[in-house]
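Novice: Pasting a structure below so you can have a look.
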Amino acid sequence: MGSMTQPARGDLRASDADRTLVEEVLNNAYVDGRLTRDELDERLGNLWRARTFNDLAPLTEDLVPVGHQLTHATQYSTPAADAPVARIDTHNTTQATDTITAILGDHKRTAEWRMRQDTNATTVMGTIKLDLTQAVLESPQPRVHVNCVMGDVILRVPAGVAVSNHVSSLLADVTLKGLRPGPNPITITLTGFSLMGDVKVIGPDHVSFADKLFGRA
């Protein structure tokens, strides 16, 4: 009786845990701006139809080094001492509400900009990314009212910021990761709703899956 031929590594069946690891790589790449929303949706659609490692590999081959083995990473980093700290300037403030809209597209605010006391962030099948690490806040207690329908609202916040979440969600996720509030934090209050979308707040102590995967954590 002949011996059974062992399948090649790439032909082995992938587990749900393997697919979850790849999903985290894709989501982090989207948050970092390395994938567009359309690219993310397409790859996630293919992800859960994948059966073998050969099916999974093309989904991340332009995001991770070729031949790098996906492994379950449990190591976390020590928070960087030189992480950006929240800045506030209550002089020359603007009382009007700042309105940000993204319909079937993206709206990004990066580098230096001023965050008002009140911000309305509305997205329908689009993405709003607000990077506060170099922003100047006009109030120690800014408010962000979210209207998110099948889209994403992503806030990247520096050290010294806490978040009070009051967003209502339906078939949606609201996540807060890696915040470092400090003893007397600036507090951002989130209100509004998310329907089949995601609201994410990422702080300086969040370690991306890519960092853990490549040993940078």
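The values are calculated or read from the model by the stated rules, or taken from the named source; none is laboratory data. All of these numbers come straight from a predicted model, not from anything done at the bench. Neighbour counts run over all protein chains shown; Cβ positions are idealised from the backbone, glycine included.
Novice: Restricting attention to the stretch 131-171, which residues are hydroxyl-bearing (S, T, Y), more than 18 Å from the chain's Cα centre (by Cα) and more than 15 Å from S194 (Cα to Cα)?
Specialist: S139
Novice: Looking at N92, is it on the phi > 0 side of the Ramachandran plot and either outside any strand (DSSP E or B) or at pLDDT below 85 (or both)?
Specialist: yes
Novice: Now for a different question. Looking only at residues in the stretch 151-188 that are part of a loop (DSSP other than H, G, I, E, B) and of a type in the set (V, I, T), which one is surrounded by the fewest Cβ atoms within 10 Å (Cβ to Cβ)?
Specialist: V167
Novice: Can you name every residue in the stretch 178-194 that is farther than 15 Å from P158 by Cβ, in contact with a strand residue (DSSP E or B) (Cβ under 7 Å, 6 or more places away or on another chain) and modelled with pLDDT under 95?
Specialist: Residues satisfying the conditions do not exist here.
Novice: Filter the stretch 195-217 for residues that are surrounded by fewer than 20 Cβ atoms within 10 Å (Cβ to Cβ) and acidic (D, E); which is modelled with the highest pLDDT?
Specialist: Among residues in the stretch 195-217 that are surrounded by fewer than 20 Cβ atoms within 10 Å (Cβ to Cβ) and acidic (D, E), the one modelled with the highest pLDDT is D205.
Novice: Considering only the stretch 14-65, state which residues are under 15 Å from the mean Cα position of the chain (by Cα), at pLDDT 85 or above and not in a helix (DSSP H, G or I).
Specialist: Within the stretch 14-65, L35, T36 meet the criteria.
Novice: Identify the residue in the stretch 95-150 that is of a type in the set (G, A, S) and in a strand (DSSP E or B) and, among all such residues, is nearest to D173 (Cα to Cα).
Specialist: Residue satisfying both the conditions and the ranking: A121.
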